[in-house]
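Worksheet: one structure, shown below.
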């Protein structure tokens, strides 16, 4: 009996080996992993260096890649910045949204030797390839109304880049709720305090590098108090539209892409990437990168992101 069992086991082993040789096991399929913080930061860097090198052919792109440069859709290799960017400067502010697989960066670059402010937004597909690239340049005061070029010659604002302790951070939804006080206040055109905007005591705002609200502001009477600063000018700008909301949950930053209603026949519309530093339930800093666009391009060539409730 033991002899028969041994022969049977040996036969099973031979048959199994033959079956494996005929149909070898395939390695398990690789599961696409989300791009983490450093991966997303790297994707922005890849785009920036591709501009400096005047060569975008090595970028990993999705078959459905969509690109806009200053609100105009075009093929990636036809982007003007691919031929004009000559150098990266020291300033760079990143906002990394791992959950949405998006990142936004404001950087200072040289274009044919002249410094300009460049905002880059990228979105990735499940294979970590670029599926959306948005490029917005501000070259002068005529482009952005305010343009303090010297402010972008060095490091980003420290206050935006100090990482809050985990216990200081709110949930993603709560950070968005707090940030939405800001566009709602602009649309109401009264004061931020009038609608209960939760500013920290020393909150301040930078716009295209210039201090426009908070302690030390000299732009206009009363601008040193961001909560009580008059917003009457926004009566002429009209209500604000929120196109995109991107959240850096680790750094406590919410950035929104905003645009305002037309100011009058034939006028341009003010648009902004406006970011908010939020922790301990309050807004501690606001920073905006602004650009004027014709009314037909006020959304920058992109639709309003699904699920956004307008203020």
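List of remarks:
- Search result, residues across the range 157-175 that are surrounded by fewer than 18 Cβ atoms within 10 Å (Cβ to Cβ) and in contact with a strand residue (DSSP E or B) (Cβ under 6 Å, 6 or more places away or on another chain): 159, 164, 168, 172
- Scanning the range 41-56 for residues that are farther than 13 Å from residue 133 by Cβ and assigned to a helix (DSSP H, G or I) yields a total of 6.
- Qualifying residue in the range 187-199 (condition: within 18 Å of the chain's Cα centre (by Cα) and not assigned by TED's automatic domain parsing to the domain that holds residue 73): no
- Count - residues of the range 283-303 that are more than 29 Å from residue 149 (Cα to Cα) and either in contact with a helix residue (DSSP H, G or I) (Cβ under 7 Å, 6 or more places away or on another chain) or surrounded by 14 or more Cβ atoms within 10 Å (Cβ to Cβ) (or both): 0
- Set 237, 258, 231: member being surrounded by fewer than 23 Cβ atoms within 10 Å (Cβ to Cβ) and within 19 Å of residue 118 (Cα to Cα): 258
- Conditions (1) crowded, with 16+ Cβ neighbours inside 10 Å; (2) touching a strand residue (DSSP E or B) at 6+ places or on another chain (Cβ under 7 Å): number failed by residue 249: (2)
- Search result, residues across the range 184-196 that are in contact with a strand residue (DSSP E or B) (Cβ under 7 Å, 6 or more places away or on another chain) and either surrounded by fewer than 19 Cβ atoms within 10 Å (Cβ to Cβ) or closer than 14 Å to residue 226 by Cα (or both): 186, 192
- Note on the range 40-55: residues that are free of Cβ contacts under 8 Å to residues at least 60 places away in the same chain and buried (at least 19 other Cβ atoms within 10 Å of the Cβ) total 2.
- The range 179-193 - residue that is touching a helix residue (DSSP H, G or I) at 6+ places or on another chain (Cβ under 8 Å) and in a helix (DSSP H, G or I) and, of those, farthest from residue 256 (Cα to Cα): 188
The values are calculated or read from the model by the stated rules, or taken from the named source; none is laboratory data. Keep in mind it's a predicted model, so treat the numbers as computed, not measured. Quick reminder, even Gly has a Cβ in these numbers, built from the backbone with ideal geometry, and neighbours come from all protein chains shown.
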